[in-house]
Amino acid sequence: LLVKALRGKMFPLPQTNYLLNVSWDITQKGYEKKRGKLLAPYVPQIQGKAHRPAGNLLSRMGTGRRMWKHGTSWYCIWRWSYRTTGASGRYTYCFCPVTNCFVSLGVDPSLQIDNRIQASSQSVLPGSKHNRSRAANTRDERFRSDLHTEAVQAALAKYKERKMPMPSKRRSVLVQSSVEACTPPDTSSASEDEGSLRRQGRLATSTPYQGHGHPSVEHWFNRVIQGSSVTTTTNTTSHAALNANAAATALADFMAHTQLGVPVNSRVSSKIQQLLNTLKRPKRPPLREFFVDDFEELLDVQQPDPNQPKPEGQHMSPLEGEPLGVVNNWPPSLPAALHRWGTTQPKSPCLTALDNGGKAVYTLTYGKLWTRSQKLAYTLLNKLSTRNEPLLVPGDRVALVFPNNDPVMFMVAFYGCLLAELVPVPIEVPLTRKDAGSQQIGFLLGSCGVTLALTTDACQKGLPKAQTGEVATFKGWPRLLWFVTDGKHVVKPPKDWHPPIREASNDIAYIEYKTSKEGSTMGITVSHSAMLVHCHALTQACGYTEAETITNVLDFKREAGLWHGVLTSVMNRMHVISIPYSLMKVNPLSWIQKVHTYKARVAVVKSRDMHWSLLAQRDQRDISLSSLRMLIVADGANPWSISSCDAFLNVFQARGLRPEVICPCASSSEAMTVAIRRPPEMGVPPPGKAVLSMGGLSHSVIRVDTEEKLSVLTVQDVGQVMPGALVCVVRVEGTPYICQTDEVGEICVSSGCTGVAYYGLPGMTKNLFETIPVTSSGIPISDRPFTRTSLLGFVGPDSLVFVVGKMDGLMVVSGRRHNADDVVATALAVEPMKFVYRGRIAVFSVSVLHDERIVVVAEQRPDASEEDSFQWMSRVLQAIDSIHQVGVYCLALVPANTLPKAPLGGIHISETKQRFLEGALHPCNVLMCPHTCVTNLPKPRQKQPEVGPASMIVGNLVAGKRIAQACGRDVTQLEDNDQARKVEIHPHFTRSSPPHLHCRHSTASCLQLHKRAERVAAALMGRLNTGDHVALVYPPGIELIATFYGCLYAGCVPVTVRPPHPQNLATTLPTVKMIVEVSKSVCILTTQAIMKLLKSKEAAAAVDVKSWPMVLDTDDLPRKKSPQMYKPPTPEMLAYLDFSVSTTGILAGVKMSHTATSALCRSIKLQCELYPSRQIAICLDPYCGLGFALWCLCSVYSGHQSILVPPLELESNASLWLAAVSQYKVRVTFCSYSVMEMCTKGLGSQTEALRLRNVNLSCVRTCMVVAEERPRIALTQSFSKIFKDLGLSPRAVSTTFGCRVNVAICLQGTAGPDPTTVYVDMRALRHDRVRLVERGSPHSLPLMESGKILPGVKVIIANTETKGPLGDSHLGEIWVSSPHNATGYYTVYGEEALHADHFNTKLSFGDTQTVWARTGYLGFLRRTELTDASGERHDALYVVGSLDETLELRGMRYHPIDIETSVIRSHKSIAECAVFTWTNLLVVVVELEGSEQEALDLVALVTNVVLEEHYLIVGVVVVVDPGVIPINSRGEKQRMHLRDGFLADQLDPIYVAYNM
């Protein structure tokens, strides 16, 4: 029968009274043998489905069977029962053929020690294959039960196939790791223990590949653990490594072929492939298909699941506690009680204080407490004064700053304040100026108007001091006067002075501080009457009697420690033994020893204290807890306290602890004690336990019988409602509707013993202390106001209160509620002791993209390796996902002892959250999972069928929009002598003139330049043919210009090339070689020094030096005149080649004809009014684009004087350019963004020194930044602000725009209106639309005009796909028509046809005759209200970004600079940022300007900001050193070079994070 049952076959039995009784005894060994034989054929079928009772726990075995009916058939159920050692009953398990697994039938009632120990109705959950057996007395975990661990292990077993890429970390960032930084392509997250992993790792190396040709998991584990596994042989390791390399190489080859021409390194690409494989799993819940045709991106609102559980019970009725009893001779107030006991029982002990060794150092009697409190009250009211005015008057607030190990002084100060009718505000001792939460405490003291702080002499000496010797003022704190309350500082009152003893009133008695979920600190005011009623209610509920002894482990300054240990104890003349936290850290068993020593009747503890004592109990044999009648568990409202209670009872039952004395209670600072389990002598119903479905709880619904056996929560009751209180449960959000009986809500209390208000916060007070619960029809249930307790729970059978969580730990993710404590428990159930510290885990939620996201932070043990920690992290993610059905957004591990601590141990959650959000947590491991969690992204853009160009132009006309077209001034009205010079670009050479060029201490007039050029021409004419290409490799200077004209004189085509950097030949020389080869140069002209460099040994290591063409140095050319100067036969002949590396990493050379060259010079001369009398300063690289034109062409063409400043020189002397501008009183100057950045960063703090050196920039009329990108507004504005003090006009700075097809499209020039700035909606830009918004509006992006369009230049905005013209303020590609357009690309293969439409394209509609060049840049035109020089309305051109660099993600177009700007803003240590995409993943590279321990902080911040501002999920975050992101000579980022370097693993990153 058993075999058939285990096979899951249901077998009907005849419905007769025939029953088969089988019963036998069997030894442990015999049982195992028989069972193994019996089940052998079926083990594979039931493994993982059923969980058998652990074999080594069976002390006595009995079997039997029960009959069970299902439908119309009867089934046989077999039963095992076993007794656990030290347990209080026999647990019975049976096999159910319907559900195919074992279920618990509970505890056998006949064997119970006490009928109050209830059977858990919980089903036994399937365990993992390698579930370790546990003895019952090893249940020492704080927040978990074995059951939950089994559930977690079973959940993890499901995830064997999931692989995650491990982050890469530089060695210096590692905490402690003995393992080589190898990167497995597959990492498993199975639930086996470490031993089984190692075993499998060794076995699997002989078969390194599995069925589908993927590398096996095992041999990667073998590599991961080889550093610590002694038995791994060298051969095994190398074999695994070879196979790994083979697999990775194959993958690299595949990816290299899919992305043309990009070198790919196996390590990076295999990780990205892992990441992609991980992300292929479907999200929960799956996103629906959307269609949206407008740029208003609508975030996906999670619709409620129609199948989610809903409450079905009746609406609850308010629950009333028993009436508050009438006590004869009850004191009318607490000071009256103190007066009574202090005068009638002066020798009765009140409080015993212990030192850190556990010895009693002082016992305060009631007589002493009364007299000392009187003295203090008199001193405070009469002996403290300022300017003959008393410092304090009754009703003033006073801070009580006492350490946790001095309860005596605190008690004296507290009652002294009550007697003086002052309001005590107990707070923690501030140990340092940077204590967690200290600033918020200061705000509380300030808002309470506290001016005096009471403390002890020892404590005052330990406080941080200022230089004057006084106590330092802490950040955010008001200025305080510190008063020491020790005996010598207080005076005895005169005999006729008596403190006023009044009846309890509604005046404030004391203020208790509370820290909210967000970290703000509020003061809860408690009135004298509430304090008295609370003492009365606690006395009645706990059955307190006079002279009882109570042991208090809690903080006596607030909550239960204050209520039981300071207030109620005095009311009842009890003796309190106060156990300081410092003693508990040294000796966790101290409170139990004191219970034994003093025969204490009551102990007030937290579940943490019970857990700690379990760890230390083995050393103590001679203690007894039989005297205890109540063990009050103050945090019984924590659902996971049940495991501590159970485990504590399990161990200490043998030492006299009775099960019924454990009394969990629920309380909150606002409502004080809400419910408490009564002591057994009060005849209350037995305690209860509920096994609840976590899935149901996440929908605020109570479901006891759950289908999903893995995710259950076992909670114990917290007893009955307090006497005299009325309790109800209301909905958490919105109107406080009464909950249904099977619904979880916030518990509300109406009684005379709750807090009154938040001090100074009337709005919050009304919401919390004056709630009016209403029925579903909106009728108030009572005319009494209720106080919200912040406790989430429900009322169960027998009017027992159950609490399942707190509002502070509530995290609402996608409409479902999760409790932080539950998530902590699940994380700890994943091999907790190996990698992290128990009790040092923080769980909180942060708001990202309109939803809460769960963050888990834990302290990592120093001996945990990187790989082990990462494995643990990935398994925690999987466990939480499986148990709670929610994704974790971020899991971070920080080094040991770095999380901010709460005053009495534990983690300061709000401070941890604040550090996380500010990037100050400094984790040593981090794992982000935005792909898994973020399911509410905006709807992806679906491309609509394109509107035809004709429809578009008609639509624009109908809408009254003009076609986006503009042009510069007309150049046909030029003077004749300019027309005559069309062909020749060197008209001034024959003129003798003053110095014409100034560069690096050398000057040259036009005549000197002409003579130098003739020498070069003479040297070339014999050696080269007309039309040959010549590479000019010179440093910036006059020699370069002379050689350029020498080539033109000789009829050769010059190609200017930046010389290689002597210190960086390996990366710069190949570029030189490439340009020389691609340009087909037959000769290289250079200096002697560079010539030696080109042929040096170092150069030979980088390139083949023998393949250089002829190299000539021009340093010592003979003074020869060329026989004749070459004149081109037609103006369209090639004048020079202009080579440049674009921002997308493409080396592009363009051909410039003599016509285009003359037209370019003429346009610039007209725009900038460059007359021969002018002086202009140029700080640009002279090798390509507009920089080359300004250096070599314009000054010669226009005849003005040029001051040439090589940008490289600014690295050694940042002020060189500005000093030259000032010295020569330059009106027009040109620079690049990199120059501007150098000046801003290098000279920002030196403006005063520059002024003393007489640097004056008031002469500058126009300062133009030469660029091929969107204007950098932030940089130009900061430059203007910094140098405003030197006279620079804010109107002077402007930008230019040019590109490969036309190097100068826009220049601000000297005439015309100032450049305008508009603000556009960034979301609209993603949809290729322009929507103007006001400055400061959300998602606004400032765009500055790129200067005025040059004379002779026409610009139109065209649709990138249809090539039709667009309307005003539409985003499209900028097309340009101009006499100085380049004539085409020059490439080595002559494939100009591929890019022919870049230079020679026509509109598909409208003006189809004009020939345009495509710039490859997106932008728009907008007609402004300004007028230009001709009196026409001015058309402004706005450049948005390069078309080639845009990122197409989720159907939308993103510009990298926008994402980079957001990222740079997210943290002060991010110096620079660049983004690119790879295999559809967004990769963000950030340069870290700070210590490497900040590197991992950036991962979360970068992910957050990109999600929030751009609705994109970052795939990979790479943290690198400053200067790693490559930039070109104009200061533009080379993102494609960066991408290639990343994929080739050449960046040496500090950290690489792969977001899951």
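The values are calculated or read from the model by the stated rules, or taken from the named source; none is laboratory data. This structure is a prediction, so every number in the text was calculated from the model and none was measured. Don't worry about glycine lacking a Cβ; one is built from the backbone with ideal geometry, like all the others, and counts go over all protein chains shown. SASA here: full protein model, heavy atoms, side chains in, ligands and nucleic acids out. Shrake-Rupley method; radii C 1.70, N 1.55, O 1.52, S 1.80 Å.
Quick check: anything in region 809-821 farther than 27 Å from residue 889 by Cβ, open to solvent by 20 Å² or more (accessible area, probe 1.4 Å) and part of a helix (DSSP H, G or I)? First the steps, then the outcome.
Initial filter on region 809-821 (farther than 27 Å from residue 889 by Cβ): none.
So far as region 809-821 goes, no, none of its residues is farther than 27 Å from residue 889 by Cβ, open to solvent by 20 Å² or more (accessible area, probe 1.4 Å) and part of a helix (DSSP H, G or I).
I want to confirm something. Restricting to region 394-447 and keeping residues that are among the small types (Gly, Ala, Ser), within 32 Å of the chain's Cα centre (by Cα) and not in a helix (DSSP H, G or I), which single residue is modelled with the lowest pLDDT? Don't jump to the end; show me each part of the working.
Going residue by residue through region 394-447, those that are among the small types (Gly, Ala, Ser) are 395, 399, 413, 416, 420, 436-438, 442, 446-447.
Applying the additional criterion that residues be within 32 Å of the chain's Cα centre (by Cα) yields 436-438, 442.
With not in a helix (DSSP H, G or I) added as a condition, the list becomes 436-437.
Details: 436: 72, 437: 77.
It comes out as 436.
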Would you check if there is a residue in region 508-523 being on the phi < 0 side of the Ramachandran plot, acidic (Asp, Glu) and either open to solvent by less than 10 Å² (accessible area, probe 1.4 Å) or modelled with pLDDT of 95 or more (or both)?
yes
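Do we have residue 1404 as open to solvent by 30 Å² or more (accessible area, probe 1.4 Å) and over 33 Å from the mean Cα position of the chain (by Cα) here?
Numbers: open to solvent by 30 Å² or more (accessible area, probe 1.4 Å): yes; over 33 Å from the mean Cα position of the chain (by Cα): yes.
Spelling it out, residue 1404 is indeed open to solvent by 30 Å² or more (accessible area, probe 1.4 Å) and over 33 Å from the mean Cα position of the chain (by Cα).
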Could you pull out every one of the strands (runs of 3 or more DSSP E) wholly within region 1422-1477 that has 2 or more residues that are open to solvent by less than 10 Å² (accessible area, probe 1.4 Å) and in contact (Cβ under 8 Å) with a residue 40 or more places away in the chain?
1433-1442, 1452-1454
Scan region 884-901 and report the pairs whose first residue is at positive phi and whose second residue is open to solvent by 20 Å² or more (accessible area, probe 1.4 Å), with Cβ atoms within less than 6 Å and a gap of 6+ or a chain change.
none
Looking at region 1485-1524, which of its residues are under 24 Å from residue 1268 (Cα atoms) and either of a type in the set (D, E, K, R) or open to solvent by less than 10 Å² (accessible area, probe 1.4 Å) (or both)?
1485, 1486, 1487
Just one of (1) within 22 Å of residue 324 (Cα to Cα); (2) touching a strand residue (DSSP E or B) at 6+ places or on another chain (Cβ under 9 Å); (3) open to solvent by less than 30 Å² (accessible area, probe 1.4 Å) trips up residue 536, so point out which.
(2)
For the condition open to solvent by less than 10 Å² (accessible area, probe 1.4 Å), over 20 Å from residue 663 (Cα atoms) and touching a Leu at 6+ places or on another chain (Cβ under 7 Å), what is the one hit in 595, 576, 604, 570?
570
Of the conditions (1) open to solvent by 40 Å² or more (accessible area, probe 1.4 Å); (2) touching a Pro at 6+ places or on another chain (Cβ under 9 Å), residue 430 fails just one. Which one is it?
(1)
I'd like to check something: does region 344-355 contain any residue that is open to solvent by less than 10 Å² (accessible area, probe 1.4 Å) and either touching a Cys at 6+ places or on another chain (Cβ under 9 Å) or within 19 Å of residue 449 (Cα to Cα) (or both)?
no
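Among 1066, 1042, 1013, 1089, which is the only one that is of a type in the set (A, V, I, L, M), at pLDDT below 90 and either out of contact with any Pro (no Cβ under 8 Å at 6 or more places or on another chain) or part of a helix (DSSP H, G or I) (or both)? Step through it out loud before you land on a result.
Details: 1042 fails: at pLDDT below 90; 1013 fails: at pLDDT below 90; 1089 fails: at pLDDT below 90.
Criteria check complete, one pass: 1066.
Across region 887-909, what is the total count of residues that are open to solvent by 10 Å² or more (accessible area, probe 1.4 Å) and touching a Lys or Arg at 6+ places or on another chain (Cβ under 7 Å)? Before the answer, list the steps.
Of the residues in region 887-909, the ones open to solvent by 10 Å² or more (accessible area, probe 1.4 Å) are 887, 895-898, 901-909.
If we keep only those that are touching a Lys or Arg at 6+ places or on another chain (Cβ under 7 Å) as well, we get 896, 907-908.
Residues meeting the conditions: 3.
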Among all residue pairs at least 6 apart or on different chains, which show Cβ distances below 7 Å where the first residue, located in region 692-704, is within 13 Å of residue 803 (Cα to Cα) and the second is part of a helix (DSSP H, G or I)?
702/696
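Confirm whether residue 530 is crowded, with 19+ Cβ neighbours inside 10 Å, among the small types (Gly, Ala, Ser) and not in a helix (DSSP H, G or I). Talk me through it step by step, then tell me what you get.
On the way: crowded, with 19+ Cβ neighbours inside 10 Å: yes; among the small types (Gly, Ala, Ser): yes; not in a helix (DSSP H, G or I): no.
The answer is no for residue 530.
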Residues of region 539-548 being crowded, with 20+ Cβ neighbours inside 10 Å and touching a strand residue (DSSP E or B) at 6+ places or on another chain (Cβ under 7 Å), in sequence order, are 541, 542
Open to solvent by 20 Å² or more (accessible area, probe 1.4 Å), in contact (Cβ under 8 Å) with a residue 40 or more places away in the chain and among the hydrophobic types (A, V, I, L, M, F, W, C): does that describe residue 842?
no
Determine if region 1317-1329 includes at least one residue that is surrounded by fewer than 23 Cβ atoms within 10 Å (Cβ to Cβ), in a loop (DSSP other than H, G, I, E, B), in contact with a strand residue (DSSP E or B) (Cβ under 8 Å, 6 or more places away or on another chain) and not acidic (Asp, Glu).
yes
Turns out the strands (runs of 3 or more DSSP E) fully within region 1107-1170 with at least 1 residues that are at pLDDT 85 or above, aliphatic (A, V, I, L, M) and open to solvent by 60 Å² or more (accessible area, probe 1.4 Å) are 1110-1113
Here is a list of conditions, (1) part of a loop (DSSP other than H, G, I, E, B); (2) at pLDDT 90 or above; (3) open to solvent by 10 Å² or more (accessible area, probe 1.4 Å), and residue 450 meets all of them except one; can you say which number that is?
(3)
For residue 524, state whether it is in a loop (DSSP other than H, G, I, E, B) and of a type in the set (A, V, I, L, M, F, W, C).
no
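How many residues are hydrophobic (A, V, I, L, M, F, W, C) and touching a His at 6+ places or on another chain (Cβ under 9 Å) if we restrict to region 1450-1481? Write out each step before concluding.
Initial filter on region 1450-1481 (hydrophobic (A, V, I, L, M, F, W, C)): 1452, 1457, 1459, 1463-1464, 1470-1471, 1473-1476, 1478, 1481.
Pick out the ones that are also touching a His at 6+ places or on another chain (Cβ under 9 Å) and you get 1452, 1459.
Total satisfying the criteria: 2.
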Per-region count, region 746-767, residues open to solvent by less than 10 Å² (accessible area, probe 1.4 Å) and of a type in the set (D, E, K, R)
1
